[in-house]
Structure formats: structure tokens, C-alpha cells
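Have a look at the structure below before the remarks.
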Amino acid sequence: MNSRSGTGYTGVPPWIYAIAAAGALFVLLPLVAMVAKVNWPQFIPLITSESSVTALGLSLRTSAASTALCIILGIPLALVLARSPFPGQRLLRAFVLLPLVLPPVVGGIALLYTFGRQGLLGKSLEVAGIQIAFSTTAVVLAQTFVALPFLVVSLEGALRTAGNRYELVAATLGARPTTVLRRVTVPLVLPGLASGAVLSFARSLGEFGATLTFAGSLEGVTRTLPLEIYLQRETDADAAVALSLVLVAVAVAVVGLSYGRRNAGARVEVQP
Amino acid sequence: MSITRKNVGTFLAAGTLAASLVGCASGAPGTAASSGTAASSGTASSTRTLTREITVFAAASLKATFTKLASDFEAKNPGTKVKLNFAGSSDLVTQITQGAPADVFASADTKNMTRLSDAKLVDGNATNFATNVLEIAVPPGNPASIASFADLGKPGVKVVVCAPQVPCGSAAETIETATGTTLKPVSEESSVTDVLGKVTSQEADAGLVYVTDISNAGDKVKGVPFPESDKAVNTYPIATVGASKNKELAQAFIGMVTSSEGKKVLNDAGFGTP
Amino acid sequence: MSFEVRTRLDARDFDMSLSLGPSETVAVLGPNGAGKSTLLGVISGLLRPDSGRAQIGGRQLFDLDGGNHRWSAPHLRGTALLAQEALLFPHLSVLENVAFGPRSKGASKAAARETARLWLTEVGALHLESRKPAELSGGQAQRVAVARALAAEPELLLLDEPMSALDIHAAPLLRRVLKRVLAGRSAIIVTHDVLDAYMLADRVVVVENGRISEEGPTRQVLERPRSHFAAGLAGLNLVSGMITEQGITTPDGQFFAGQHDPGWSPAPGQEGVAAFPPSAVSVFLGDVHGSPRNSFPVTIRDLEPHGDQIRVRAAGSGTGERGTLSADITPAASADLGLVPGMNVRFVVKSALVSIYPA
């Protein structure tokens, strides 16, 4: 992995580098093309317009909320999937991971029929005076729906890698299961949990289809940055490009953070 | 990654390959490459001449009517083929600007047609062939008992409209100004489809869409016409695209759309005559 | 405090019962896969058997007999487990690791740390208290693990081959620490090392195929083994058969002359074993002149250095169902005789060094 030290022989055939370079370009070129399209003199006014700032703020707030919701729901899910075998476990995993492969708009439709006014739960919620449709809550639900699998997958992986030997030792030392979870399990998988949370945040930030279908689009309430970009694109291509660049910058920062954390985590785990 | 002297060659070769791939792709719709005027390739045009084929880019709201008109046209002119591409008008303008192979462009508003002609991509002048007005769409039971445009402003009514940035939204805004009724929409969607979706799923009590959208949606929504809709009449222009390699056939198709036969098809779907 | 367990696990063909007196340390010896770790798993509550019951000082750990389903969770049992690997919690300092048990039992942070320092002192690791587990050597980590287990104040300490992952320099120190802390404490130690049994255990239990094959005071089991496994650990040849006035006769008719305990004589047809060290066996080529007693043909299986001797392992028709006998000879003798595996030779056992006793 590290060619700076040692002999430098990697065993990778030279032609692999050519294809790898093509692959990297395939991802990088569209970004470069977008940056090239940015109307730089107008960039700052475009991204600091009231609607843009409102959309970015809403995106950050809702993504933080849905990440918190992912952590609350995802830790128990990952634990159940990783630790206690039960009939139907594979099926449960398949369903939990479904939003990963589902078109987000399908997720939005499903949420609509669950939490919408005429939905499975929505009717009872409406009786209780809770209205989810067209609210910021709906945005958070849509984002959580699509982001939850990211947290569950990376946490379940971390739990399986960590194994349960430390937990068994903790139990024989007299720690109750809840104590074991709090003082041993969670700290051990913290790097995995952190990178899962970061991925969930990134996914929430980019959520578009489910939000558009389920939550609607109203400035300051449900119009997140991706929806704002989609709308700006109708009239003001320059604004759309500028905002896209902001979203890319936030995403790059978030993924970079995740990568750094993961490496730090890997270093901590290299000992018996 | 360490690159040896020998590898540099491979690396550069790969770069060139990738660059040429991207170059090929720049003619396709939706790519971000800047070569906006890149015309369709020669091979494509020669096949088109042989088979007398044209491609029509039309606004999404024309889907039902233009599908019918295209098949009527093919029936009347044996050996011709009309390919259709429906999308939002501004998307279509972007695609044509980026070099997408279109022969005819039918826009849902004059603004987008102007964008295209400003880019010198229209052949001759555009012809207005249809009009469309807004109508209130409500769920079948009309739960909020909407009967007029003013009813939309009542407190507690969940109204969904298009965002002002899109044509149906600017039309709604025009009517608001003209009537002095201020709407407090729960959502400003970016397309008519999204507004209709909120109404058919009964999330919203009412939505403002075009009258043609309501007739397309069947019995999933009910239309509530209102007289103030004539304050914002939307005009649909059609034109031959400058880069067309088959302008004759394109003109023939436009002639069909603007003929009395074409008007009947459009009127049946709820469009008005300009 | 006394401890008792009786348990069966059908899926692993495991059936054992074991009891410990107050402050008694028992060593569990046995080949790999014999069920030693299963026993510890059942006692600590990490494995659920099909039936059986266990109690510790009158407190029930589990009772799965006669339709009962009483099963207490591991954290309620008071049986700390020390494994081959130290398994110190990597994210906690040494001090916090040792304080983990007391904290889990509700002690305040300060009190738990005080207890932890006490036990770290006991194992000679107080100077390591602020380190992280990754900064410890294997021996240091295992000593800290001992302190952590003891700080939990277990009524019964379970040790699963605690020395096996340590290098030969670290093991003696840990063995001395264990010798000190196990005094006056109930413990079960699973081990492969006869030295652990001698130094740490009052009693030895030999486990084979999921069953206890032999048990008794350490010295007795290792000096007069009745199982082939114990004999192997003790470095003795073991032959079983019927005891006679002069020695022992194996089931296939081979007679071994040997010594009974003074003043003891066998009952007719009594089952017994003959044990003798490899040094009591000589190797000859061809026929032997002179005393024909305890002389029988064998085929050499392998030769390997053993201290400054060569250990010759061989099998013959009269060497019992378990296979091989060993002879220790000098390298010079081995070279003179030209011994190689597969060669037919004759083993002669000095009857004065053969102990015969009932099985």
C-alpha cells in the first residue's frame, strides 16, 4: 500500500495504471467541467443569495437531525444483525439495505403511503394532531430512510470485525449487558460508527428524490440544497452550477473527514 | 502511486484515450462539455435523409397530443419517421444548445423559444400553435370544497403550486397579482407532475396546474376552472431547429401541427387556439 | 466456598461433573478438543448445556435438570474468566481496565481505581497503570488481565491456558504471580503444562473426549498416572492390563515384570497399569542373550532429540492398544546401532524401574 518505503515493488501490472487513470478521469472530469462552468465573478453573490443560504442551512440542519436519527435507530439494528442470530435475520438485513438500491423516488412514494395524510400511520398521526407532510420533519424522515443503510452497513461490518470476545470478558467481569454496550462495544466500534455517521450525513445532504416526492419544496421548510439546485436550473444555470459546487465542496469535506477517521480508527485497532 | 519512466507513456496514453472518449460524448444531451455548437455527426444525418426521419423535441405537456400527431403524420407520409423527445422546455433548450440532434422544437412558453432563437439556433420565425391556461386540481372528493381561486387563499387549505422559476409557477404568480389573492402554498414544486402528484396522493387539498394536465390525469383529480385564468395565458410556439438536416420534413410536421386537423387534436386535449 | 458442576452437552458429546473444595485450585489437563474450554464456557455462562446444574457456595448458577430452566447470565455468576490472550479493552488505560470489574459492580470511580491499584500492585504492574494495552508486552498484558480478573472479586477464577500465548521468558513471571494470587482462592486452570499443574494446582483433572478420565491430587496423578494422557504429560510409558504377582499382563498377552507397592498384593484379575520412564528402556538389535524378561520386538516409528538423549519411539505387538513406547538412549548408542525409522529392534525394560499399581 505504501510505495514510499521498502523496495517499491507493488506487483501491480503497468497497464492497470492506465485503466485506473481512465477511471479516475471519468470521475474527475465532470467535476472539472462543472468548475469550468462556474461564473466566478458572480460566484459569491450567487451562493450567498437569501434562497441559497436558506437552502444550505436547511440541508445542514436536516442532515444533522437525520444522522442523529440514523445513529439512534442504526446502532440497535446493527447490533441485532451482527450479534444475535435469529430466524429471518438475512431477510431483515436485505430489507434494511433495500433503500441502498431503491430509486429514492420509490422511497418517497413508500413514505408518502406511510406518513402521508392518507397513509398507514399518517391518519392516526393526523388525529393526534401531528402533520408530517410538507414539514421539515418529512425531509428528515426521507433523508433517514435513504441514509440508514449506510450507518447499519458500516457499523455491522465494524461489529463483526471487532468480534464479541471483549464483550464476553466484560460480562464475566460482572458488567450488565447495557454496561457492556456503553463501555466496551460502542467504544470499540467508534471508528466504524463515526464513518457510518459521516456517510449517512453525506447521503442525507444529497437526498433529492424521496424529499421531492414526499416532503415537497418550500423555501426554508422543505427546499433543501439539492431541490434548490434543481429549481434554479430552470431559470438560472449559473446559480445552479455555483450551488452544485458548494454541495460538492461540502461532500468532499465530509468524505475526507470520514476517510481520515477511518484511517485513524484502523490504527487504533491494530493490537490484540 | 509511483510512476516509472516507462509508465508515464501508458499513463499519458490513457489520458488521451479518456479525453477522446469525452470528446465523442460531448454531442450527447446533458453533458457538461462546453462545445455547445457541436453539430450532429455526419453518419447520423445521412441515415436520416435516407429514411426521411425527423426528431421532435416537445414540452412534456404535449406528450399525449404530439404522440397522436406524430403517428397521424407518419400515416399520411409513408416512409417517414417522427422520433419524439419530451422533457421540460428549459431542459430541451439546454439539450439543443449542447448539440442534441433536433429538427423541431415545440416549447411550452415563449421565453424558452426566445432563449433558443437568441442563441441563433432557430430557423426562421416561431409559430404560436396553442395556448394553455391554469386550472385548480383537487382530489376527487374536493375535501376542502374549493370552488374559486379566492378559496385557495383560505386559511387551512393546503395548496401546492409550481415554483415561480418554472412557467406554471410564474403564471400562478401573475394571477395572484391580478386578483389580489395571496396564496400561502405548502410547497412550490419544480414541475407540474410534482404538483399533480401531491394532489392525487391527497397530501394537498388543491394544486394549480394547466388545464391540459387535468384532462391527462383522468379521474384521479378533478378540475375546478376559474375565470381569472385568462390573466395568464400560456402560449406554445413551435419552430424548425437551425441545425436540422431535414428542414423540409420539419416544416411539413409544423404545418400539420398548425393545420385545422392539428388544432382539433390540441383542442380535444384542452389546449386553446392563439 | 465450594463449587459443584454437573453438565451434559450432547452436541459436543460432553458430560462432566466436577467439584471444588473451598480455596482449592484444580488443573484441568487434556488433549486439544477434549472439552476443557467447553467446561469453562459452561461454568462462566457463555455456553448453555443441555442439562445439568451448578452451584457456588450454595448459590445456584444454573439448573437445567428435571424440566428446570434456571440459567443466570454471565455477569451475575461471580466467575471471572482469564483467557489465553489478555483481551484488555484497547480503548481503556491499564488502570481503567482493572477498575472495570469494580465499576461494573457499582463502585464509585475513585473506589474502583483504588481497588485497581491494589491489584496492579499485587501483580507487579502498578507502574503500567497509565499505559494503553497496545503499549504492553504480552507478559505485562497478561499480568494486568490477572489483576483485572481478580479486581472483579470472583468467587471462582477460571483460567484458560493463561500461559500458552506467552514467550518462554514471560511465562515464569506470570506463573509466580499466579502462584501467589491463587493461594487461598478457588480456581480452575486449564493447561497443557505439567509445570502449571505442579506449581499451581492442588488437584488435577484429566479430560479426554468430553469425559473426565482421571482425577486426583496433582502429585499422585503425575507420578502414578492411570491415563495415557497423564502419563504422556509426566513423560512416562504406560501399559495397562491385568495385575499378577510378578507384574502385569497386557490384553494381547505380553508380560511386563515390575514392582508392586511394598506390602500390597493384587486381588485376582485386578486391572492395573505399569508405568516406567523411557530411561528404563534399552534398545538392542537382534536376539538378546541373558535375561529374557521384559524383552519384546518393536518397530521404530521415529527418533528425536530429547535433552542430551535421543528418544526412540517404537510400537510392537505387546505395547498396548494405545501404541508407542519410548526409550531414551545416548546419541552415540543410536549411531552405533544405526537406528532409523522402520527398523525392527528389541526393547528391554528394567523391571526394577517398572511401577505396577491398580487403575
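The values are calculated or read from the model by the stated rules, or taken from the named source; none is laboratory data. Not measured: the values here are computed from a predicted model. Reconstructed Cβ throughout: ideal geometry from the backbone, glycine too, with neighbour counts over all protein chains shown.
Residues checked against (1) touching a residue at least 40 places away in the same chain (Cβ under 8 Å); (2) over 24 Å from the mean Cα position of the chain (by Cα):
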position: A:134; (1), (2): yes, no
position: A:137; (1), (2): no, no
position: A:141; (1), (2): yes, no
position: A:169; (1), (2): no, yes
position: A:179; (1), (2): no, yes
| field | Filter result (over 19 Å from residue C:155 (Cβ atoms) and not in a helix (DSSP H, G or I)) within region A:167-192 | value | A:189
| task | Assess whether residue C:112 counts as being within 25 Å of residue C:74 (Cβ to Cβ), surrounded by 15 or more Cβ atoms within 10 Å (Cβ to Cβ) and either touching a Lys or Arg at 6+ places or on another chain (Cβ under 6 Å) or at pLDDT below 95 (or both). | result | yes
| task | Of all residues in region C:157-192, count the ones that are in contact with a Lys or Arg (Cβ under 8 Å, 6 or more places away or on another chain) and assigned to a strand (DSSP E or B). | result | 3
| query | Taking strands (runs of 3 or more DSSP E) that fall entirely within region C:1-112, which contain at least 3 residues that are in contact with an Asp or Glu (Cβ under 8 Å, 6 or more places away or on another chain) and more than 29 Å from residue C:228 (Cα to Cα)? | reply | C:51-56
| remark: Taking region C:165-186 and keeping residues within 14 Å of another protein chain (Cβ to nearest Cβ) and in contact with an Asp or Glu (Cβ under 9 Å, 6 or more places away or on another chain) leaves C:165
| note | Taking region C:134-164 and keeping residues more than 10 Å from chain A (Cβ to nearest Cβ), more than 28 Å from residue C:35 (Cβ to Cβ) and touching a residue at least 40 places away in the same chain (Cβ under 8 Å) leaves C:144, C:147
| field | Only listed residue being within 12 Å of the chain's Cα centre (by Cα) and not β-branched (Val, Ile, Thr), chosen from C:224, C:185, C:203 | value | C:203
| Selection status of residue A:257, more than 29 Å from residue B:111 (Cβ to Cβ) and touching a His at 6+ places or on another chain (Cβ under 8 Å) | no
| query | How about region B:61-172: which strands (runs of 3 or more DSSP E) wholly inside it have at least 2 residues that are farther than 27 Å from residue A:227 by Cβ and among the aliphatic types (A, V, I, L, M)? | reply | B:81-87, B:104-106, B:122-132
| note | Taking region A:127-184 and keeping residues within 14 Å of another protein chain (Cβ to nearest Cβ), surrounded by 24 or more Cβ atoms within 10 Å (Cβ to Cβ) and of a type in the set (Phe, Trp, Tyr) leaves A:134
| field | Hits in region C:67-88 - residues which are within 14 Å of chain A (Cβ to nearest Cβ), surrounded by fewer than 21 Cβ atoms within 10 Å (Cβ to Cβ) and either closer than 19 Å to residue C:164 by Cβ or touching a Phe, Trp or Tyr at 6+ places or on another chain (Cβ under 8 Å) (or both) | value | C:71, C:72, C:84, C:85
| request: Kindly indicate which of A:200, A:204 is buried (at least 24 other Cβ atoms within 10 Å of the Cβ), farther than 30 Å from residue B:165 by Cβ, in contact (Cβ under 8 Å) with a residue 24 or more places away in the chain and within 17 Å of the chain's Cα centre (by Cα). | output: A:200
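Taking region C:201-229 as the region of interest, how many residues are of a type in the set (A, V, I, L, M, F, W, C) and touching a helix residue (DSSP H, G or I) at 6+ places or on another chain (Cβ under 6 Å)?
Summing the residues that are of a type in the set (A, V, I, L, M, F, W, C) and touching a helix residue (DSSP H, G or I) at 6+ places or on another chain (Cβ under 6 Å) in region C:201-229 gives 6.
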| Which of the residues spanning region A:66-89 are more than 16 Å from the chain's Cα centre (by Cα) and of a type outside the set (A, V, I, L, M)? | A:76, A:83, A:84, A:85, A:86, A:87, A:88, A:89
| task | Return only the number of the condition from (1) more than 8 Å from chain A (Cβ to nearest Cβ); (2) among the hydrophobic types (A, V, I, L, M, F, W, C); (3) buried (at least 21 other Cβ atoms within 10 Å of the Cβ) that residue C:64 does not satisfy. | result | (3)
| request: Note down all Cβ pairs under 9 Å where the first residue falls in region B:140-157 and is assigned by TED's automatic domain parsing to the domain that holds residue B:227, the second is outside any loop (DSSP other than H, G, I, E, B) and among the basic types (Lys, Arg), and they're at least six residues apart or on different chains. | output: B:140/B:220; B:140/B:222; B:141/B:222; B:142/B:222
| message | Filter region C:208-244 down to the residues that are in a strand (DSSP E or B), assigned by TED's automatic domain parsing to the domain that holds residue C:195 and surrounded by fewer than 18 Cβ atoms within 10 Å (Cβ to Cβ) and list them by number. | response | C:211, C:213, C:216, C:217
| note | residue C:197 meets each of (1) farther than 14 Å from residue C:26 by Cβ; (2) surrounded by 17 or more Cβ atoms within 10 Å (Cβ to Cβ) with one exception, condition (1)
| How about region B:191-233: which of its residues are outside any helix (DSSP H, G or I), crowded, with 24+ Cβ neighbours inside 10 Å, within 16 Å of the chain's Cα centre (by Cα) and not aromatic (Phe, Trp, Tyr)? | B:209
| Any pair with Cβ under 9 angstrom, 6 or more apart, that starts in region B:187-210 at a residue that is facing another protein chain (nearest Cβ under 8 Å) and ends at one that is among the aromatic types (Phe, Trp, Tyr) and surrounded by fewer than 23 Cβ atoms within 10 Å (Cβ to Cβ) | B:190/A:230; B:201/A:113
| field | In region B:240-253, the residues that are aliphatic (A, V, I, L, M) and either part of a loop (DSSP other than H, G, I, E, B) or surrounded by fewer than 22 Cβ atoms within 10 Å (Cβ to Cβ) (or both) | value | B:243, B:252
